[in-house]
């Protein structure tokens with residue numbers, strides 16, 4: 001097949017994805033797009049690994065009743081810490097995961113569980129903290145031991161407060177941090193490209209990316225220009241949490257997968273938006 005018949009030929013798409021940037025970019029390049037890569041958020045293991053390791057050892061010794069996984073990244077980081085610790089900690093952690101009730105906020109922690117040969121027992125009715133609470137509010141949590149994997153350094157007082165008031169005994173772990181202040185020049189370049197109409201679309205895969213983009217734009221007094229420029233290109237969101245973050249900032253979302261909030265469905269929606277046809281590569 002020649003490049004002039006590829007569905008995204010001639011389109012330049014900005015990708016702020018970090019962890020799976022190459023995978024996402026390859027899917028678009030295969031369909032003829034030119035890709036502007038700019039990881040908006042870098043993620044690192046928690047700099048102090050001692051609390052993470054202590055939590056893992058406690059979980060293995062006494063996993064309790066429930067584990068709430070808010071992100072897939074969190075579970076992967078926990079496994080990484082367990083593997084680096086050596087011995088059989090990773091194996092024992094995986095075994096304990098199979099014994100507790102696993103509650104996931106959205107599809108990404110479910111995907112991370114599947115890679116370990118496991119699956120979520122309860123999926124939140126909405127992929128938000130509020131969705132987790134709504135899912136659990138009909139249950140009696142009095143006396144249950146609930147472990148919570150947090151995202152970034154966000155303490156999620158809303159969820160922890162709810163669980164505590166409901167009578168649960170809560171433990172929590174923060175296995176990774178966001179490095180918000182690195183790669184500022186790259187983010188500046190992305191903002192300039194959007195304002196200069198150098199891209200046809202931008203595809204957001206996390207709410208943190210949106211916050212980071214506007215944080216840097218605000219620092220350079222370019223937020224108004226960025227907002228105006230985003231109306232001239234296709235804005236894609238991987239799911240409703242990202243779409244809500246964009247909408248709250250006055251950005252309209254042009255396309256989003258209907259139910260399966262992953263990169264491949266997002267690519268399919270981009271093809272459909274630009275060609276009006278289904279993605280034959282799907």
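Working note: 222 nm ellipticity from helices only, DSSP H runs with n ≥ 4, each -39,500 (n - 2.57), summed and divided by the residues of the chain, gives -13000 deg cm²/dmol to the nearest 500.
For the range 106-194, the C-alpha radius of gyration divided by 2.2 N^0.38 Å, with N the number of residues, is 1.41. Short-range pairs are left out: with C-alpha atoms under 8 Å and at least six residues apart, the relative contact order of the chain is 20 percent.
Give the average over all directions of the projected area of the C-alpha convex hull of the range 1-89, one decimal, in nm².
Values: hull surface 35.0 nm².
In nm², the orientation-averaged hull projection of the range 1-89 is 8.7.
What share of Cα pairs, in percent, lie more than 14 angstrom apart in the range 204-282? Across the range 204-282, Cα pairs with separations above 14 Å total 63 percent. Most mobile of 57, 209, 149 per a Gaussian network model of the chain (Cα springs, under 10 Å)? It is 57. DSSP finds beta bridges in the chain, and of those with both partners inside it, around 15 percent are antiparallel. FRET efficiency for the residue 114 to residue 29 pair, using the beta carbon distance and R₀ = 35 Å, is estimated at 0.85.
The distance between label points at residue 92 and residue 228 comes to 6.2 nm (points 7 Å beyond Cα on the Cα→Cβ vector). With neighbours defined as other Cβ atoms within 10 Å of a residue's Cβ, the residues 256, 27 order from fewest to most as 256, 27. Result for the chain in a Gaussian network model with C-alpha springs under 10 Å: among 220, 32, 152, the largest mean-square fluctuation is at 220. So which residue, out of 102, 134, 264, gets the largest mean-square fluctuation from a GNM of the chain using Cα contacts under 10 Å as springs? Most flexible of the set in this elastic network: 134. Per-residue Cβ neighbour counts within 10 Å put 30, 108 in the sequence 30, 108, beginning with the fewest.
Counting every C-alpha pair in the chain, the share spaced more than 31 angstrom apart comes to 34%.
Which order results if 31, 37, 268 are arranged by neighbouring Cβ count within 10 Å, fewest first?
Arranged by neighbour count, lowest to highest, 31, 37, 268 become 37, 268, 31.
Estimated translational diffusion coefficient (Stokes-Einstein, Kirkwood radius over Cα pairs, 37 °C, 0.692 mPa s) of the range 124-282: 183 µm² per second. Spatially, the range 136-163 and the range 195-266 are offset by 29 Å when compared through their Cα centroids. The ellipsoid equivalent to the alpha-carbon distribution of the range 44-178 has semi-axes of 22, 15, 15 angstrom, derived from the gyration tensor eigenvalues as √(5λ) and listed largest first. Over the C-alpha trace of the range 147-188, radius of gyration and Dmax come out as 14.8, 47 angstrom.
Every number in this text was worked out from the coordinates using simple rules, so none of it is lab data. In this text, all values refer to a predicted model and were calculated from it rather than measured experimentally. Methodologically, a virtual Cβ is constructed for each residue, glycine included, from the backbone with ideal geometry; neighbour enumeration extends over all protein chains shown.
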